[in-house]
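Undergrad: The structure's right below; bear with me while I get my questions together.
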Ligand code: PGA
């Protein structure tokens with residue numbers, strides 16, 4: 001299986017930054033890598049145009065669980081699908097933290113994304129306090145159990161991103177060996193909870209051009225979810241080159 005490089009551009013870019021960054025992905029070895037770009041909502045259609053006729057995939061950073069209705073400010077999974085998205089991040093820790101997204105909300109978004117035809121990339125991970133208290137595995141298992149309620153009966157693909165909260169945007173990444181151990185446990189939990197054999201698991205949290213290969217070399221690491229390093233032309237270009 002090709003390793004997955006998913007770029008989470010968050011709310012960090014301007015319109016003029018999009019084309020140069022997409023060009024970097026186009027120059028990468030796309031025979032070896034599966035690339036997914038997750039721009040902000042307002043940049044989706046521009047990026048969709050830029051990646052037309054390439055193997056680069058489009059993802060959104062969030063979705064709402066109803067198909068349509070009086071939900072001011074929200075964007076439905078179905079609209080995202082119509083916009084050209086194939087993937088959607090669900091339960092990113094910044095959504096959990098700044099928008100008070102609970103496991104219940106995340107579960108609704110995840111199910112909606114499946115029904116709409118999007119592949120969810122479910123983000124899970126422990127905080128610094130949970131890590132220090134030795135609760136990493138129990139926290140991740142609890143998130144998986146609650147976020148994946150109702151998924152066992154469905155057949156669509158899901159992707160999990162293990163993103164320790166303390167590693168996101170801090171430059172303090174998880175050690176690749178420990179990440180691999182946690183990925184292995186995530187695969188076991190997902191098999192136990194919803195019967196999916198060998199679910200795809202990405203690592204996210206301060207992945208950059210220097211450490212990307214250390215992660216991708218590990219067993220159980222099927223790819224990476226990259227924030228900051230995917231928003232700078234030179235760094236992202238090196239990161240993609242070093243991913244092979
Ligand atoms: P980072 O973000 O690579 O900047 O740490 C990762 C993410 O939030 O998905």
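Undergrad: If each residue's Cβ is checked for other Cβ atoms within 10 Å, how do 130, 67 rank with the fewest at the top?
TA: Listing 130, 67 from fewest to most nearby Cβ atoms yields 67, 130.
Undergrad: I need the Debye-formula profile for segment 118-219: one equal scatterer per C-alpha, no solvent, reported as log10 I(q)/I(0) at q = 0.14 1/Å, two decimals.
TA: -0.51
Undergrad: Right, here's the next one. Distance between Cα centroids, segment 19-75 to segment 182-244: provide it in whole Å.
TA: 18
Undergrad: Let me ask something additional. How long is the chain along each principal axis, judged by its Cα atoms, biggest number first, in Å?
TA: Result, largest extent first: 45, 42, 32 Å.
Undergrad: Here is a further query. Which residue fluctuates the most in the chain, going by a Gaussian network model with Cα springs under 10 Å, if the choices are 87, 41, 99?
TA: 99
Undergrad: Let me ask another. Please give the length that would be gained between residue 98 and residue 128 if that part of the chain were fully extended, namely 0.36 nm times their separation in residues minus their C-alpha to C-alpha distance (nm, one decimal).
TA: Difference between extended and current length: 9.2 nm.
Undergrad: Here's something else I'd like to know. Quick one: among 153, 179, 70, which has the greatest mean-square fluctuation in a GNM of the chain with alpha-carbon springs under 10 angstrom?
TA: Among 153, 179, 70, the largest GNM mean-square fluctuation belongs to 70.
Undergrad: Per DSSP helix of 4 or more residues, -39500 (n - 2.57); summed, then divided by the residues of the chain. What does that give at 222 nm, rounded to the nearest 500?
TA: The per-residue figure over the chain is -11500 deg cm²/dmol.
Undergrad: Would you order 114, 80 from fewest to most other beta-carbon atoms within 10 Å of each residue's own beta-carbon?
TA: Final ranking by Cβ density, sparse to dense: 114, 80.
Undergrad: Within a 10 angstrom radius of the beta carbon, how do 162, 203, 98 rank from fewest other beta carbons to most?
TA: Lowest count first: 98, 162, 203.
Undergrad: For a quick check, take a GNM of the chain with Cα springs below 10 Å and name the residue from 43, 92, 183 with the largest mean-square fluctuation.
TA: 43
Undergrad: How many percent of Cα pairs in segment 36-130 exceed 23 Å?
TA: 23
FYI, it's all coordinate maths here, none of it is from the lab. In this text the structure is predicted, and so the values were computed from the model without any measurement. Reconstructed Cβ throughout: ideal geometry from the backbone, glycine too, with neighbour counts over all protein chains shown.
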